[in-house]
Structure formats: C-alpha cells, structure tokens
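Please read the structure below before turning to the comments.
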Amino acid sequence: MSILDNVQEVTKRMEQASEKSSSEKQVQLIGVTKSVSSQVASELLAAGVTHLGENRPDGLLEKQAELGRTACTWHFIGTLQTRKVRQIIDAIDVLHSLDRLHLAEEINKRTDRIIDCFIQVNVSGEESKQGIAPEDVPSFLHEIGQYPAIRVIGLMTMAPLTEDTARIREVFRSLKTLQEEVKAKKLSYAPCTELSMGMSSDFEIAIEEGATFVRIGTTLVHT
Ligand SMILES: *Cc1c(COP(=O)(O)O)cnc(C)c1O
C-alpha cells in the first residue's frame, strides 16, 4: 500500500461512516505526521490531504520549514507548554488542545491574530488524559471571553483506552451534546460548530457520532 492508497482507503471509510452520521457537515481529514518524515508529509499533501497535525512544536516547525507555511492548514494537536507559545503560535492555524486559562492568556499576549481553538475536554475522566472536565466547560468558556485572540471553534477529546466500542461511542456522544450546548449560547467568540474526535482506531465511530475533524496518523502513514 502506498500513501496514496492509504488516503483513498481512509477517505472511503470516512464517506461510509458519514452516511451513518446525522451531521450534515463535511468531515475534514487531518493527517497526523508526528511519527514520520517531511517526505511522507509531502506525499500526504500530494495525495490530496489539506490538513496536517503535529503534537510537538519542533515537529511542526520542521515540517513547515520543508513544506511551507501555506502548504496546508496546520493543526497543533498535542499539549502546548506555555513557554513554547511564543515560538510556535504564528505557525499554527488551529489549536486542538486549549485546556487552561493560562495558555489562553499567553496566546493572547503573543499574537495579533485570532487563533481558532478547540477546547480539549477530558470526557472519559482518565487521569492520564489532558483536558478540562465537562462540568467545568461553562465557566472556562466564560473566562475565555476576556482573551480576544481566542476563538473557540469547537471541542476536542480523545477516546478512552479500551476495546469497548460502546464506551468509546458514549464518550463521543457526550462531547457532541456538550458542543451543542456551547453552540446554543451563541457567544461571539465561541461559535463552537466543530468536533475534533476520532483517530486511527476509532474514527468511524467518531464520524457516526458527529465528528467534523478526525485526526489520523498510523492508518494513513503506515505502508
Ligand atoms: C498521535 C495522535 C493522533 C493520531 O493517532 P493514530 O492512532 O496514529 O491515528 C490523534 N490525536 C492526537 C492528539 C495524537 O497525539
């Protein structure tokens, strides 16, 4: 299988899952390149992928230096340390891991742009997982309003580490419910129309439950 075969296969599986989704929105594929070279990343672009995701500042900056700032939409999907914000923020188009006010404050201080962000939510409650607790989302959202550089375009989560697909589905469904609640608030700085959920092992479930962005690494880049 080539990278092109992988992209075509994943795209087909995404389309099939979309047919079972109640969401009307087109699902966007983010190719996660954290474990591969810039060469592989460029093959993904050549195969038609228009979004790339990285979880470390160095990885993103390296790929971007090779491929170009405008080669694709650049997603930062990992935990972002406050001290790295200055170095990376203007290389990012979408941040998937907004999980603390201090990070929002730092972003606001370090850029003149408006950054599209997902609030990362720890739906499963696993201690190893980043993200804010679902019940804390409303107050967090309220506080975020003081930072003009932040636009909350949606919510992001990671599925729990389990083979239990019913449990995974439940987690994705809860995030969807929460997203609808936030969207209904009609906050100018938090349209919250998007849902970032689903990786190689669970993206079809995520799409069925309303994902608008899936973050896929292994299945795309493994040849
Ligand atoms: C690595 C990673 C992915 C992609 O995972 P795969 O299982 O390789 O598809 C998605 N989201 C985040 C936050 C990641 O760190």
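Points worth noting:
- The stretch 104-130, residues that are assigned to a helix (DSSP H, G or I) and among the basic types (K, R): K109, R110
- Some residue of the stretch 94-117 being touching a helix residue (DSSP H, G or I) at 6+ places or on another chain (Cβ under 6 Å), closer than 25 Å to L61 by Cα and among the polar types (S, T, N, Q): yes
- Subset of the stretch 191-204 (residues that are open to solvent by 20 Å² or more (accessible area, probe 1.4 Å) and either at pLDDT below 95 or more than 9 Å from the ligand (Cβ to nearest atom) (or both)): P191, T193, E194, E204
- Residues (in a loop (DSSP other than H, G, I, E, B), open to solvent by 40 Å² or more (accessible area, probe 1.4 Å) and either touching a residue at least 40 places away in the same chain (Cβ under 8 Å) or among the small types (G, A, S) (or both)) located in the stretch 52-77: A71
- Only residues that are within 16 Å of the ligand (Cβ to nearest atom) and open to solvent by less than 50 Å² (accessible area, probe 1.4 Å) were counted across the stretch 127-151, and they come to 3.
- Residue check, R86 within 16 Å of the ligand (Cβ to nearest atom) and either assigned to a helix (DSSP H, G or I) or open to solvent by less than 80 Å² (accessible area, probe 1.4 Å) (or both): no
- Residue under evaluation I144, criteria (1) touching a helix residue (DSSP H, G or I) at 6+ places or on another chain (Cβ under 6 Å); (2) under 18 Å from G78 (Cβ atoms), criterion not met: (2)
- Inside the stretch 3-34, residues that are of a type in the set (S, T, N, Q) and either exposed (fewer than 13 other Cβ atoms within 10 Å of the Cβ) or at pLDDT below 95 (or both) make up a count of 5.
- Annotation: of all residues in the stretch 154-166 being open to solvent by 50 Å² or more (accessible area, probe 1.4 Å) and in contact (Cβ under 8 Å) with a residue 12 or more places away in the chain, the one that is farthest from the ligand (Cβ to nearest atom) is T165.
- S174 meets all of the listed conditions (1) open to solvent by less than 50 Å² (accessible area, probe 1.4 Å); (2) in contact (Cβ under 8 Å) with a residue 24 or more places away in the chain but one, namely (1).
The values are calculated or read from the model by the stated rules, or taken from the named source; none is laboratory data. Note that the structure is predicted; figures quoted are calculated from it, not measured. All Cβ positions, glycine included, derive from the backbone under ideal geometry; neighbour counts span all protein chains shown. These area figures cover heavy atoms from the full protein model, side chains too; ligands, DNA and RNA do not enter into them. Shrake-Rupley method; radii C 1.70, N 1.55, O 1.52, S 1.80 Å.
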